[in-house]
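What follows is a short report on a single structure.
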Amino acid sequence: MQKIVSFPKADARSPEDEAFAQTRQRDERAMASIPDPLGFMARAHQDQLRICELLEEIADSLPSRVDRLKCFYAAGKLRTTMRIHHLDEERGLFPALRRHAQINRSLASSLERLESEHIEDDSLSQDIIDALERLASGEAVSSVDGLSFMLRAFFDSHRRHIAFEDEMVLPAARQHLDRAELEDIEAVMLANRRMSPDELFSRHLCSTAMDLFRGEFTEPS
Ligand SMILES: [Fe+2]
Ligand SMILES: [Fe+2]
């Protein structure tokens, strides 16, 4: 016997739906041009702080009050926007700033640390995505304490990472990069958004979570 459980329809806009829709529209517009690449990156940081909030809410709700739709949203955002943002910095912003490293040597060593944090975040986020998609499917996680620790480690370090970039890296970029360098960064960001999904991330999708997102989910008996 299977029980049908209804979830909100995808077109019923909650404030959270609206925020994600705005992000998607902005990314689509970004396919044509990004006239203010540093402003775009600052707004991407705001999106990532929202992801951190979602992850904290999920960690606080473990194990019995988990919102499965929220898990699905958070996994999708980690899978796409965070990876592209890292590429924007690694291929565009950081190389441009390195050419000005003589202006501020401590900034040059900070860029190295930030890049290694990207590697750690990308690796940890893959484990988090897998766990979130299991939660979205209604599966039990093998270790609630382990997942809670992993989520908290991720959003704590990611918030510190973003705060440093907002306070040190983006202001340095605004101070030192000229119009031609900003146009080069824009070109890199546009190229990143033309990459195929295969180049960016695995094609694994949680089909049960997709059903859930469409508005109806068949709960196993
Ligand atoms: Fe970064
Ligand atoms: Fe960043």
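Just so it is clear, none of the values below were taken in a lab; they were calculated from the coordinates. These figures come from a predicted structure and were not determined experimentally. Cβ atoms come from the backbone with ideal geometry, glycine included; neighbour counts cover every protein chain shown.
Odds and ends about this structure:
- Cβ-based exposure ranking for E181, E117, in which fewest neighbours within 10 Å come first: E117, E181
- Ranked M150, M195, M41, criterion: other C-beta atoms within 10 Å, fewest first: M195, M150, M41
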